[in-house]
Amino acid sequence: MTSVDDAITRAHRQEWARVVATLTRRFGDLGLAEDAAAEAFATAVERWPSDGVPANPGAWLTTTGSRKAIDRIRRESRRDDKHEEARLLFDEPPRDVGAVDDDRLRLIFTCCHPALSPEARVALTLRMVGGLTMPEIARAFLVPEPTMGQRITRAKAKIKAAHIPYRVPEAEDLPGRVDGVLAVLFLVFNEGYLATGPDTDPVRHDLTVEAIRLTRLVRELAPSGEVTGLLALMLLTQARAAARVSVTGELVTLDEQDRGAWDRDLIDEGHALVRQCLADVAAGGPPPGRYQLLAAINAVHTDARDARDTDWSQITTLYDRLVRLDPSPVVALNRAIAVAQVDGPDVALALVDRLPLDGYHAFHATRADLLRRLGRSADARDAYDRAIALAGNTAETAYLTRRRDQLALQGDRSAGS
């Protein structure tokens with residue numbers, strides 16, 4: 001890949017959301033903004049190799065996208081006054097668009113409007129803010145790509161038809177809107193921390209950093225225990241990012257990570273936020289929600305200087321509370337992993353086998369590990385095969401393949417002895 005290709009790739013990761021958000025504010029049409037941004041990047045692919053990479057790629061892309069949008073408005077207009085409208089749109093003065101002056105935060109609140117279905121909110125934000133491709137988003141949702149494309153198209157059409165405003169809600173409306181935003185930010189973070197696309201980097205720091213930045217902004221705007229909990233969860237997870245993938249590009253599981261490579265500053269900040277949540281609850285605040293409990297679980301993990309020192313009993317207790325609050329199969333799967341450390345793999349396997357998660361790679365990866373620990377190598381290899389077929393992340397696929405092949409090698413040695 002040439003230096004120009006690198007610059008275009010980097011610009012797409014760093015500037016896509018800014019360009020889409022700025023164009024949405026300027027033209028008031030999310031679909032137009034997305035199309036114009038895509039045309040701007042296509043123009044960059046054509047022109048940057050000969051003209052050189054501009055000093056400010058984001059500004060160049062935004063200006064180019066604005067011109068593309070105006071050209072489209074003019075082409076689609078049938079009345080002369082539309083030409084003047086396009087000029088005014090391009091030169092319009094700043095408008096009152098909410099309490100926080102951040103286009104991307106406004107874009108998130110637009111994409112997360114309650115008029116949209118929860119699935120559409122997350123998918124639209126991953127596309128518009130995260131810049132993920134349609135195949136990546138479809139893989140994250142475990143649905144066919146055409147289905148996801150239709151979902152996003154319908155969501156954009158609904159935003160336009162319902163005149164959903166591009167702004168941060170007023171203070172009195174924020175409590176009812178923040179939960180949906182947090183759910184989206186959490187999924188954006190997760191997509192960055194372990195990317196689902198087979199042709200992307202295993203860890204996309206642009207997405208994790210962006211999710212953390214926007215969560216900080218939401219916390220400034222609408223502080224609550226759950227916002228603080230989500231920020232703590234992200235920080236404690238991001239703290240382990242440097243140790244998550246080996247130099248050979250393979251996923252490194254939590255128990256095998258070099259804990260000396262963890263970011264202690266992020267851990268200290270995350271622990272401080274968890275303690276703040278606990279203090280607020282002790283002072284009579286509302287009971288901890290999903291993100292606060294997940295943050296507490298991660299605080300226990302990151303408090304152990306060695307994997308053998310992990311307090312699995314405390315983690316299991318926290319998962320017991322979480323599964324009562326969120327009785328989803330994925331939470332139950334994660335609880336079973338903790339149960340395996342306390343009560344043994346046989347107990348955990350009985351819990352896992354009841355879960356309706358056949359299309360989820362982590363379900364089969366968990367089964368494979370439990371079966372391996374129980375000495376059921378043939379069953380474990382079959383489970384690894386299923387997990388590998390479903391996994392999209394290259395680092396995770398490499399890890400699962402190695403573990404499966406180790407079982408095969410052990411079986412060959414046993415047969416030859």
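The values are calculated or read from the model by the stated rules, or taken from the named source; none is laboratory data. Keep in mind it's a predicted model, so treat the numbers as computed, not measured. Positions of Cβ are backbone-derived with ideal geometry, glycine not excepted, and every protein chain shown enters the neighbour counts. Side chains are part of the model used for accessible areas, which takes the heavy atoms of the whole protein and leaves out ligands, DNA and RNA. Shrake-Rupley method; radii C 1.70, N 1.55, O 1.52, S 1.80 Å.
With a ≥ b ≥ c taken as the square roots of the eigenvalues of the C-alpha gyration tensor of the stretch 110-237, please select rounded if a/c is under 1.5 and otherwise prolate if a/b is larger than b/c or oblate if it is not? Oblate, since a/c reaches 1.5 and b/c is not below a/b. Summary of the geometry: the stretch 34-68 and the stretch 253-308, compared by the centres of their Cα atoms, lie 42 Å apart.
Placing HIS364, HIS12, HIS163, HIS205 in order of accessible area, with the largest value first and a 1.4 Å probe, yields HIS163, HIS205, HIS12, HIS364. One chain, two ends: GLU170 and ASP71. Fully extended at 0.36 nm per residue, the span grows by 32.2 nm beyond their Cα-Cα distance. Projecting the Cα atoms of ALA283, PRO54, VAL247 onto the charge dipole of the chain (Cβ charges, centred on the Cα centre) puts PRO54 farthest toward the positive pole. In percent, rounded to a whole number, the relative contact order of the stretch 288-417 is 15, using alpha-carbon pairs under 8 Å and six or more apart.
Based on DSSP H segments of at least four residues, each scored -39500 (n - 2.57), the chain has a per-residue ellipticity at 222 nm of -23000 deg cm²/dmol. Compute the Cα gyration tensor for the stretch 151-214, then decide on rounded, prolate or oblate, letting a ≥ b ≥ c be the square roots of its eigenvalues: rounded whenever a/c is under 1.5, prolate when a/b is larger than b/c in the other cases, and oblate in all that remain. Cα axes put the stretch 151-214 in the oblate bin.
Of all aspartates and glutamates in the structure, the ones whose alpha carbon falls short of 14 Å from that of LYS160, not counting any fewer than 8 places away in one chain, are ASP29, GLU34. Ligands, DNA and RNA are left out, and with a 1.4 angstrom probe the accessible area of the chain is 48 Å² per residue.
A Cβ-based charge dipole, computed about the Cα centre of the chain with Lys and Arg at +1 and Asp and Glu at -1, lands at about 680 debye. For LEU214, the solvent-accessible surface with a 1.4 Å probe is about 0 Å², rounded to the nearest 10. Largest first, the residues TRP48, TRP312 sort by 1.4 Å accessible area into TRP312, TRP48. Only one residue of VAL188, MET128, PRO165 has its Cα farthest out toward the positive end of the dipole of the stretch 122-253, where Lys and Arg carry +1 and Asp and Glu -1 on Cβ, and that residue is PRO165. Expressed as a whole percent, the accessible area of the chain that falls on carbon and sulfur atoms is 51 (1.4 Å probe).
Express the C-alpha Rg of the chain as a ratio against the empirical globular expectation 2.2 N^0.38 Å, rounded to two decimals.
1.08
Rounded to whole Å, the principal axis extents of the Cα atoms in the stretch 123-185 read 39, 25, 17, largest first.
Working from label points 7 Å from Cα in the Cα-to-Cβ sense, the THR317 to ARG264 distance is 2.8 nm.
With an 8 Å cut-off on Cα pairs and a minimum separation of 6 or more residues, tell me the relative contact order of the stretch 102-246 in percent. Here the relative contact order equals 23 percent. When ASP343, ASP71 are compared by accessible surface with a 1.4 Å probe, the order from highest to lowest is ASP343, ASP71. Solvent-accessible surface (1.4 Å probe) assigned to GLU226 amounts to roughly 40 Å². If only the Cβ of Lys and Arg carry +1 and only the Cβ of Asp and Glu carry -1, the dipole of the stretch 116-175 around its Cα centre is close to 280 debye. Computed over the alpha carbons of the stretch 186-304, Rg followed by Dmax gives 14.6, 49 Å. Taking a ≥ b ≥ c as the square roots of the eigenvalues of the Cα gyration tensor, the stretch 275-417 is classed as prolate, since a/c reaches at least 1.5 and a/b is larger than b/c.
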